[in-house]
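Below you'll find the structure, written out as structure tokens, and then a few comments.
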Amino acid sequence: MAISLDADGAPCSNVEMVQVVAAILTRDGKILVGQRTAAQSHPLQWEFPGGKVEPGESPEQALARELDEELGIQGAAGEIITRYEYAYPGKNPIELIFFRVREYSGEPRNLIFQDLRWHPRMQLAELDFVEGDREFIHAIYTGPDGNYD
């Protein structure tokens, strides 16, 4: 049986990398963040609302679906701020896609989180965020060149 190789000579995988969307919603200089429940993986850590892109979905469709499920807002849309790969210890890498969400209808409300709050952008690093979001917070969003409001 022949094994397919990619351009770098590594074996190709038939499984595409999981994509995860994260929503950056801003209001009055604050960012909406949610705290995971004690029963979830990464218990009680903070994250941006969002989740996995399901098979057959685009990242934009996943963003709208996830924000409806988690926050009860409809028609969420925005532009990609950045995307990067991240691998949690012992897991396959995922692609994180961060969206600046400017359009939606309804008022965000807490449907799944332990806590949901509008937190000052420059104080995000004070919260215990899931590891995958930390690069965005430290290097991209709150860094000296990071102004995505």
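The values are calculated or read from the model by the stated rules, or taken from the named source; none is laboratory data. Source: prediction; values computed, not measured. When we count neighbours, we look across all protein chains shown, and the Cβ atoms used for this are built from the backbone with ideal geometry, even at glycine.
Table for the structure above
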{"quantity": "Residue in region 34-46 that is among the hydroxyl-bearing types (Ser, Thr, Tyr) and either at pLDDT 95 or above or surrounded by 20 or more Cβ atoms within 10 Å (Cβ to Cβ) (or both) present", "calculated": "yes"}
{"quantity": "Test result for GLY56, assigned to a loop (DSSP other than H, G, I, E, B) and within 26 Å of MET17 (Cβ to Cβ)", "calculated": "yes"}
{"quantity": "Residue identified as farther than 15 Å from ILE24 by Cβ, among the acidic types (Asp, Glu) and at pLDDT below 95 among GLU95, GLU126", "calculated": "GLU126"}
{"quantity": "Scan of region 100-128 for residues that are acidic (Asp, Glu), closer than 15 Å to ILE73 by Cα and in a strand (DSSP E or B), ordered by number", "calculated": "GLU103"}
{"quantity": "Residue pairs meeting the criteria (Cβ under 7 Å; at least 6 apart or on separate chains; first closer than 20 Å to PHE98 by Cβ, in region 17-43; second assigned to a loop (DSSP other than H, G, I, E, B) and acidic (Asp, Glu))", "calculated": "THR26/ASP149"}
{"quantity": "Residues located in region 29-53, provided they are within 17 Å of ARG109 (Cα to Cα) and part of a loop (DSSP other than H, G, I, E, B)", "calculated": "ARG36, THR37, PHE48, PRO49"}
{"quantity": "Condition met for ARG109 (in contact (Cβ under 8 Å) with a residue 24 or more places away in the chain, out of contact with any Pro (no Cβ under 8 Å at 6 or more places or on another chain), among the basic types (Lys, Arg) and loosely packed, with under 15 Cβ neighbours inside 10 Å)", "calculated": "yes"}
{"quantity": "Residues of region 60-93 satisfying the condition of being part of a loop (DSSP other than H, G, I, E, B) and surrounded by 16 or more Cβ atoms within 10 Å (Cβ to Cβ)", "calculated": "ILE73"}
